[in-house]
Amino acid sequence: MPVHSFRLALIAAALILFGASSGYGAGFAMYEYGARGNALGGGLVGRADDPSALAYNPAGITQLEGTGFMAGFTTINPEASVEIDGTTYDAESKFWTPPHLYATQQLNDTFWLGFGVYSRYGLGIEYDENWAGRYNVYEANIQSLSMSPTLAVKVTDWLSVAAGPEIMWFEFSQKKKVDPTVVAGTTSLATDVDAQLDGDSWGYGGVASIHITPADWLRLGATYRSQVKQEVKGEVDFTKGATPLGLAAYYSSMFNDTDASGTITLPDSYTFGVAVYPTDKLSLEFDAIYTRWSSYDELKIEYDKAVVPAIGGNPAVNSYESQKDWDDVWRFQFSAEYALLAWLDLRASYVFDESPIPDGHADYMVPANDRHMFGVGTGFHITENLDVDLAYNYLHITDRKFNPTAEQSDENVAGSSNTFKNGHAHMYALSVGYRF
């Protein structure tokens, strides 16, 4: 291969290092804030009558007397497959366990304080490191924790409002292969470079909500969450394979470990909920969430030192930019809760969640299509002050076919035909609540 072609290959390889978008759930949002909320498909915007309202509609905590506490976790087991030019590759089956914790305190008849810890974004996907899509990604993880101190005010008997900051820790890691011979089409496992990116950051936003009870049988709620800008800082570690033919004179100065940073603006969202109570024992709720994923318009990574130095008149590669142009989308939730016995509640839900990822930016980080979720659960009132909630949810991701576009080829999406299929997840949740 001519030296100038190797230069182009190396530059192209460096530019695709961070091209994959991230996602689990719609985009990579999560809504698993508590076992009762899971069973109700997130339907605690209008109800908003336990401590986990801090994640769904903080203004609702004015319905809680005294001191309240809730803690628990959701275990998520996602699975998916990708078919590339007729060959199917299965993602590894793994378990992820985001926690949640809430505390509320009534100060007087007007003011309440709350503090919540929960995860709003997450991702976990892993393929065999030598699979066909390895140059796009073979392992990725996103973790986040939001901490939300809240002040809620009961303005009148039927109107409450709440507001507070959101303090979010965000961590991203990604593993992929880089092919230094990509231009010549002589891909070889022996010469693959292994690239691992790890970084984290703290970001800050705000939450505001309202809760209205115009009648005993009707509750209305709305919540706004602002954008959160994350300036992720970390490092890229490279593990080189065999030296490609003709690159011996240059290879020692290429693909060396370096610090890196990138910026992502997590979207703002609007949530609306209506809960009705046909009887004292039965409640029904419908919610709609509008998430402005269009804030994720690009992914930009800057390297502290050049991944590929200046060679033969070509400039050094110090950064990478990729257009994402995700879409704004809706999520719709319907739920029912029935007090079967004084000590036992039954719950069920259905959720439809639109994917924000357009065809031109689909890749292997997550099965990028619409989702249907079904939830069931029970609530046990162990004593007057102690509650235990259990939930199970099944998430079905619809299949999606696409032929790679020029943009996707730039992101190193493999093959000429791709199908995301068999995407689903099982979710198991437990929460324990106590009132003082």
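Nothing in this text is a laboratory measurement; each read-out follows from the coordinates by a stated rule. In this text the structure is predicted, and so the values were computed from the model without any measurement. Note that each Cβ is placed from the backbone with ideal geometry, even for glycine, and that neighbours are counted across all protein chains shown.
Structure above, values below:
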| read-out | value |
| --- | --- |
| Global form of the stretch 187-262, assessed from the alpha-carbon gyration tensor, a/c cut-off 1.5 | prolate |
| Residues R371, R331 arranged by fewest to most Cβ contacts within 10 Å | R371, R331 |
| Calculated FRET value between Q227 and N403, using beta carbons and R₀ = 25 Å, to 0.05 | 0.15 |
| Extreme residue, positive dipole direction of the chain, given options Q323, G164, S355 (C-beta unit charges) | G164 |
| Descending semi-axes in Å of the stretch 310-385, equivalent ellipsoid built from Cα gyration tensor | 49, 16, 9 |
| L344-D198 FRET efficiency (beta carbon distance; Förster radius 56 Å; 0.05 resolution) | 0.75 |
| Cut-off of 10 Å, at most 16 other beta carbons, DSSP loop: longest stretch of the chain lacking such GluC sites (Glu not before Pro) | 130-383 |
| All aspartates and glutamates inside 14 Å of K177 as judged from Cα atoms, apart from same-chain residues fewer than 8 positions distant | E126, D128, E129, E139, D192, D194, D237, E411 |
| Set of lysines with alpha-carbon distance to K94 below 21 Å, sequence-local pairs under 8 removed | K175, K176, K421 |
| Estimated FRET transfer efficiency when R0 is 56 angstrom, pair Y434-A316 (beta carbons, to 0.05) | 0.45 |
| Helix 3-15 vs. the chain, principal-axis angle (Cα, 0 to 90°, nearest 10) | 10 degrees |
| Gaussian network model of the chain, springs between alpha carbon atoms under 10 Å - residue of N38, N57, N108 with greatest fluctuation | N108 |
| Residue-span extension gain [N77 to A242] - 0.36 nm each, minus C-alpha spacing | 55.7 nm |
| Farthest positive-ward along the stretch 3-435 dipole, Cα basis, beta-carbon charges - from H372, W202, T271 | T271 |
| Coordinate range along principal axes, alpha carbons of the stretch 3-435, Å, largest first | 78, 40, 32 |
| Partner aspartates and glutamates for K401 [C-alpha distance under 15 Å; skip if fewer than 8 residues away on the same chain] | E83, D85, D359, D363, D370 |
| Model label zone, F115; criterion: amide N under 14 Å from point 7 Å along Cα-to-beta-carbon; scope the stretch 60-99 | 68-70 |
| Simple Cβ-charge dipole of the stretch 3-435, Lys/Arg +1 and Asp/Glu -1, about Cα centre, in debye nearest 20 | 180 debye |
| Part-to-part distance (alpha-carbon centres) for the stretch 257-319 and the stretch 28-54, which is given in Å | 22 Å |
| Cα gyration tensor, the stretch 92-234 - rounded (a/c under 1.5), prolate or oblate | prolate |
| Between the stretch 366-436 and the stretch 206-223, the alpha-carbon center distance in angstrom | 27 Å |
| Mean ellipticity per residue at 222 nm, deg cm²/dmol - from DSSP H runs of n ≥ 4 across the chain, formula -39500 (n - 2.57) | -1500 deg cm²/dmol |
| Extension gain, L107 back to D327 (0.36 nm per residue minus Cα-Cα distance, nm) | 75.0 nm |
| Largest-first principal axis extents of the Cα set of the stretch 280-436 (Å) | 79, 37, 24 |
| Per residue convex hull volume, Cα atoms of the stretch 212-341, in Å³ | 182 Å³ |
